[in-house]
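Values in this text are rule-based calculations from the coordinates and carry no lab data. Only a predicted model underlies this, so the values are computations on that prediction, with no experimental measurement involved. We place every Cβ from the backbone using ideal geometry, glycine too, and count neighbours over all the protein chains shown.
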Amino acid sequence: MSKAIKKIGVMTSGGDSPGMNAAIRSVARTCAFHEIECVGIYRGYEGMIEGDFKDLTARNVKGIINKGGTVLKSARSDEFRTVEGRKQAHHSLVEKEIDGLVVIGGDGTFTGALIFNKEFDFPVMGIPGTIDNDIFGTSHTLGYDTALNTVVESIDKIRDTASSHNRLFFVEVMGRDVGHIALNVGIGAGAEEILIPEEDLGLDRLLESLRRSKKSGKSSSIVVVAEGDKIGKNVFELKDYVEENMSEYEVRVSVLGHMQRGGSPSCFDRVLASRMGVKAVEGLLDGESNYMVGLLNDKIALTPLEKAVKGKSKINKELIRVSDIMTT
Ligand code: F6P
């Protein structure tokens, strides 16, 4: 029988995402509900090593459910990659009498948690927090839904000016090395073409598609490009390439960048965060460890952390077919 957990630490790590604060709030309130203590760990593994902690109560997490970013800050820690660093982190947790850990982040965060568990037999649960939605074991990572809505709104604004000037825009979106954001916002914003790393469209087919758009009478076009796309040219080089090969187009570029990570979380992400926080804490209290909390067929489910880290999130082929049809 595992030792009853009395005090749970919660931290955020890796790229921040909208919904992380809602998850922190849920972890703290679920601890209060079960009459155990909760400790916020600042700056991920870096703050864990330094013992940079703050007691969290049901009351002092009020007013953050609607805030983007993370009140616990986030950082990437090289020191935690060393045995010495992890030993110091463990010492800090033991000194604070923390005996369970909820880590909110991406695959890098989970990898660190797995190693920590193996070295110190320390109970850990993961909550997938990243706008990329590139984690195996969940249909939605925290922040993904908010990012989709943020990006669609931005592309709608770009389309206003594109159509006013009869221009072609290449819009680069985040997603690291997957195309979930690009594919969904491309469909949602009615883009004429979507370039994602999972599909190699190729430069000839891009030109052919743009010629077809022009011939069909479209005076302006939007091409959404996932930052991890492998067409072999970045968006600025694509602009030059199209201008060299299709003088009929006036081309501009918009790289959306880090604004995709900000903003007040959508209701979907707030509810998802609240559900995941409850499951993560109650999983630890039930003696579970080394799982990631995910959403599968709209049910909160646990996936072994090892599988979440090793697994790959697949692009939805049905969505690719829809996007092909929509660009007819
Ligand atoms: O993983 C989230 C993410 O926003 C990716 O989409 C992006 O490529 C990366 O983080 C940017 O990392 P940083 O914030 O360190 O520049």
Cysteines (scope the chain) whose Cβ has no counterpart Cys Cβ under 4.7 Å: CYS267
Linear extension gain, ASN117 paired with LYS307, 0.36 nm per residue minus alpha-carbon span: 66.9 nm
Segment VAL271-ASP200, extension gain: residue separation times 0.36 nm, minus the distance between their alpha carbons: 22.0 nm
Gain on full stretching of the segment that runs from LYS7 to SER163 - 0.36 nm per residue minus C-alpha separation: 50.5 nm
Loop sites in the stretch 1-92: trypsin sites (Lys or Arg not before Pro), DSSP, at most 15 other Cβ within 10 Å: LYS3, LYS6, ARG59, LYS62
Calculated from backbone phi, Karplus (6.51, -1.76, 1.60) coupling profile of the stretch 197-208 in Hz, x at Gly/Pro: x, 6, 10, 9, 5, x, 5, 4, 5, 5, 4, 4
³J(HN,Hα) computed for each position of the stretch 265-272 - Karplus, 6.51 cos²θ - 1.76 cosθ + 1.60, integer Hz, glycine/proline x: x, 5, 4, 4, 5, 5, 5, 4
Amide H contacts of MET292 (H built 1.01 Å from N, under 5 Å, at least 5 apart or other chain): GLY126, THR303, LEU305
In nm, spacing of pseudo-spin labels at ASN60 and ILE325 (7 Å Cα→C-beta vector): 5.4
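Would you mind getting me the FRET efficiency between GLU243 and LEU296? Use the beta-carbon distance for r and R0 = 41 Å, nearest 0.05.
Values: r = 45 Å, r/R0 = 1.11.
Result of the calculation: an efficiency of 0.35.
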Span from the the stretch 93-124 Cα centroid across to the the stretch 260-317 one, whole angstrom: 16
Long-range HN-HN contacts of ILE222 with modeled amide H, under 5 Å: PHE169, GLU192, GLU193
11 Å beta-carbon shell around TYR291, net charge (K/R +1, D/E -1): -1
Sites matching GluC sites (Glu not before Pro) across the stretch 1-90 that sit in DSSP coil, with at most 15 neighbouring C-beta atoms within 10 Å: GLU35
Compactness of the stretch 145-261, expressed as Rg and Dmax over alpha-carbon positions, Å: 13.0, 38
Antiparallel DSSP beta bridges within the chain, percent to nearest 5: 25
Size of electric dipole in the chain: Cβ of Lys, Arg +1 and of Asp, Glu -1, about Cα centre, debye, nearest 20: 680
Neighbourhood charge, 11 Å Cβ-Cβ cut-off, centred on SER17 and excluding it, Lys, Arg +1 and Asp, Glu -1: -3
Vicinal HN-Hα couplings computed from phi for the stretch 140-153 (Karplus, 6.51 cos²θ - 1.76 cosθ + 1.60; Hz; Gly/Pro x): 9, 8, 5, x, 5, 4, 5, 4, 4, 5, 4, 6, 4, 4
Among 102-110, 299-307, the order from most to least packed when residues are scored by Cβ within 10 Å on average: 102-110, 299-307
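Assuming R0 = 30 Å, can you tell me the calculated FRET efficiency for the pair ARG176 and GLU208, based on Cβ-Cβ distance, to the nearest 0.05? Spell out each step's value before the answer.
Values: r = 29 Å, r/R0 = 0.95.
With R0 = 30 Å, the Cβ-Cβ based efficiency is 0.60.
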Cross-link table LYS157/LYS218; LYS279/LYS307; LYS118/LYS314; LYS73/LYS279; LYS218/LYS317; LYS214/LYS317, entries beyond 24 Å C-alpha to C-alpha: LYS118/LYS314; LYS218/LYS317; LYS214/LYS317
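Whole number please: convex hull volume per residue of the Cα set in the chain, in Å³?
On the way: hull volume 40.5 nm³, N = 328.
Per-residue hull volume (Cα only) is 123 Å³.
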Residues whose placed amide H lies under 5 Å from that of THR141, excluding near-sequence neighbours: ASN133
